[in-house]
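A quick write-up on the structure given underneath.
The values are calculated or read from the model by the stated rules, or taken from the named source; none is laboratory data. Note that the structure is predicted; figures quoted are calculated from it, not measured. Cβ placement follows ideal geometry from the backbone for every residue including glycine, while neighbour counts extend to all protein chains displayed.
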Amino acid sequence: MLDATPKEIVERKALRINPAKTCQPVGAMYAALGIHNCLPHSHGSQGCCSYHRTVLSRHFKEPAMASTSSFTEGASVFGGGSNIKTAVKNIFSLYNPDIIAVHTTCLSETLGDDLPTYISQMEDAGSIPEGKLVIHTNTPSYVGSHVTGFANMVQGIVNYLSENTGAKNGKINVIPGFVGPADMREIKRLFEAMDIPYIMFPDTSGVLDGPTTGEYKMYPEGGTKIEDLKDTGNSDLTLSLGSYASDLGAKTLEKKCKVPFKTLRTPIGVSATDEFIMALSEATGKEVPASIEEERGQLIDLMIDAQQYLQGKKVALLGDPDEIIALSKFIIELGAIPKYVVTGTPGMKFQKEINAMFAEAGIEGSKVKVEGDFFDVHQWIKNEGVDLLISNTYGKFIAREENIPFVRFGFPIMDRYGHYYNPKVGYKGAIRLVEEITNVILDKIERECTEEDFEVVR
Ligand code: SF4
């Protein structure tokens, strides 16, 4: 299918071919789904909203509820003020959410729609019922990616809801970054294992990984409650997991409510999880429990067992910056070499961090690119191959063409089932990653080896 990809590399500036990202509102919608009883609202045309919902539904195999301002020709010329005012009235009377979280789209941004003014006009007109809320964020998709959109919605949550009442709550806020509901569950489990009170926001666990009960619920059990979102302004500290997705919200909260924050890598792999656990311990003075130490020990044991198949393997990685920074480090911890490291999200910090990692590990000849795409990586692979490819679903076309073991990782994964129940963060998540990585390498060995090398035991 990708047999026409040429080996000769031509420098491109204004063209992306198979980008390694989706658009800003996807991230904003995902973050909004992590608020309890919230209906995300896309301020633009129906097509945008359908696309954003579709990507989320295909990844999580769950309905992603959202409404739209349904722009047609009139709104595209005169602005979407009257559309959103009608939409908000209809949404509260028909669907009765506690909160509507509005994000913009390319069209409403290009028009310059002034959401704060529309919201205050709706408040003045009494279109927002008593006790209900409308918040917003701007997500122009011609800049950034779904990670930027996620960060912007978290900032919107803080801007509208966080309050410093002067009464400390003794909790730690945690902004988990653009990770899945299973990751959010795992981060919460680690907090609970250490007996540390926390507020995670947003929190899509129980929303996009909920059970089938036979009863339809428009608003599932999960999501951060509005009173907890308000209370984030009274916490002792915010842990921002992944600077791209979480720092904006953490910084805004510090500025607005004087809650200090600490940025950590997304806790993927040994050292990033160590950093997270130690940050919890240092912030609270709590001991790391034996159960967490045991999980770490199991991970190290597995890494030693799998070492023979991973040592020196060259790996291509594409995905979201926070996850790929942490995963690249883990690949080095596994004795392998991140050969090509690409994110579609802009921001030179990525390149700086990956290059520092290469320098520290003495890795030479590897490539890193910001705002890169799958075409870049395919061309590089054509010039010098790799032993493993790790990316979202779209990497499978390269993997098939070049016969490379492939691990699906990141967002979106639309062609496999059950991944949304398994964390990739924490020691437990790292165990699963080692299992997946080692097994795809073994699968290839066994597919291609001679009969006499086709062993029962590996
Ligand atoms: S890139 Fe812009 S126009 Fe396209 S779906 Fe996203 S918001 Fe809509």
Exercise for review: Read through the list (1) away from the ligand (no atom under 15 Å from the Cβ); (2) in contact with a strand residue (DSSP E or B) (Cβ under 6 Å, 6 or more places away or on another chain), then give the number of the only condition that ALA32 fails.
Suggested key: (1)
Review point. Do we have any residue at all in segment 164-172 that's of a type outside the set (Lys, Arg) and crowded, with 24+ Cβ neighbours inside 10 Å?
Key: no
Check your understanding: For residues in segment 318-342 being charged (D, E, K, R) and in a helix (DSSP H, G or I), which is nearest to PRO140 (Cα to Cα)?
Key -> ASP322
Exercise for review: Considering each of PHE406, PHE374 in turn, give the residue that is touching a strand residue (DSSP E or B) at 6+ places or on another chain (Cβ under 6 Å), closer than 30 Å to ARG53 by Cβ and among the aromatic types (Phe, Trp, Tyr).
Suggested key: PHE406
Exercise for review: Test each condition in (1) assigned by TED's automatic domain parsing to the domain that holds THR273; (2) touching a Lys or Arg at 6+ places or on another chain (Cβ under 6 Å); (3) part of a loop (DSSP other than H, G, I, E, B) for SER127 and report the one that comes out false.
Suggested key: (1)
Review point. Out of all the residues in segment 13-29, which are part of a loop (DSSP other than H, G, I, E, B), within 13 Å of the ligand (Cβ to nearest atom) and more than 19 Å from VAL179 (Cβ to Cβ)?
Key: ARG16
Check your understanding: Can GLY112 be described as assigned by TED's automatic domain parsing to the domain that holds VAL154, surrounded by 20 or more Cβ atoms within 10 Å (Cβ to Cβ) and within 16 Å of the ligand (Cβ to nearest atom)?
Key -> no
Exercise for review: Considering (1) surrounded by 22 or more Cβ atoms within 10 Å (Cβ to Cβ); (2) within 20 Å of the chain's Cα centre (by Cα), say which one GLY210 fails and leave the rest.
Suggested key: (1)
Review point. Which condition does GLY47 not pass, out of (1) in contact (Cβ under 8 Å) with a residue 12 or more places away in the chain; (2) within 16 Å of the ligand (Cβ to nearest atom); (3) within 26 Å of the chain's Cα centre (by Cα), if it passes all the others?
Key: (1)
Study note, to complete from the structure: For segment 348-369 the number of residues that are surrounded by fewer than 23 Cβ atoms within 10 Å (Cβ to Cβ), assigned to a helix (DSSP H, G or I) and β-branched (Val, Ile, Thr) is 0
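Condition test on LYS352, is it in the same structural domain as VAL270 (by TED's automatic domain parsing), farther than 18 Å from VAL440 by Cα and of a type outside the set (Val, Ile, Thr)? Spell out the reasoning first.
On the way: in the same structural domain as VAL270 (by TED's automatic domain parsing): no; farther than 18 Å from VAL440 by Cα: yes; of a type outside the set (Val, Ile, Thr): yes.
Answer is no for this residue.
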Review point. When you go through THR273, THR345, THR263 one by one, which is the residue that is assigned to a loop (DSSP other than H, G, I, E, B) and of a type in the set (S, T, N, Q)?
Key: THR345
Check your understanding: Under the condition of being small (Gly, Ala, Ser) and either touching a residue at least 24 places away in the same chain (Cβ under 8 Å) or in contact with a helix residue (DSSP H, G or I) (Cβ under 8 Å, 6 or more places away or on another chain) (or both), which residue from segment 9-33 is surrounded by the fewest Cβ atoms within 10 Å (Cβ to Cβ)?
Key -> ALA20
Review point. For residues in segment 392-425 being of a type in the set (Val, Ile, Thr) and not in a helix (DSSP H, G or I), which is farthest from ILE268 (Cα to Cα)?
Key: ILE404
Review point. When both residues are 6+ apart or on different chains and their Cβ atoms are under 7 Å apart, which pairs have a first residue that lies in segment 82-94 and is surrounded by fewer than 18 Cβ atoms within 10 Å (Cβ to Cβ), and a second that is among the hydrophobic types (A, V, I, L, M, F, W, C) and part of a helix (DSSP H, G or I)?
Key: LYS85/MET122
Practice item. Kindly provide the set of residues from segment 130-151 that are assigned to a loop (DSSP other than H, G, I, E, B) and over 20 Å from GLY44 (Cβ atoms), ordered by number. Key: GLU130, GLY131, LYS132
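Among the residues of segment 85-100, write down those that are among the aliphatic types (A, V, I, L, M) and part of a helix (DSSP H, G or I).
ALA87, VAL88, ILE91, LEU94
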Revision key, fill the gap. The condition of being under 30 Å from ILE325 (Cα atoms), among the hydrophobic types (A, V, I, L, M, F, W, C) and within 14 Å of the chain's Cα centre (by Cα) holds, among VAL154, VAL143, VAL158, only for VAL154
Exercise for review: Among the candidates HIS41, HIS52, single out the residue that is part of a helix (DSSP H, G or I) and within 14 Å of the ligand (Cβ to nearest atom).
Suggested key: HIS52
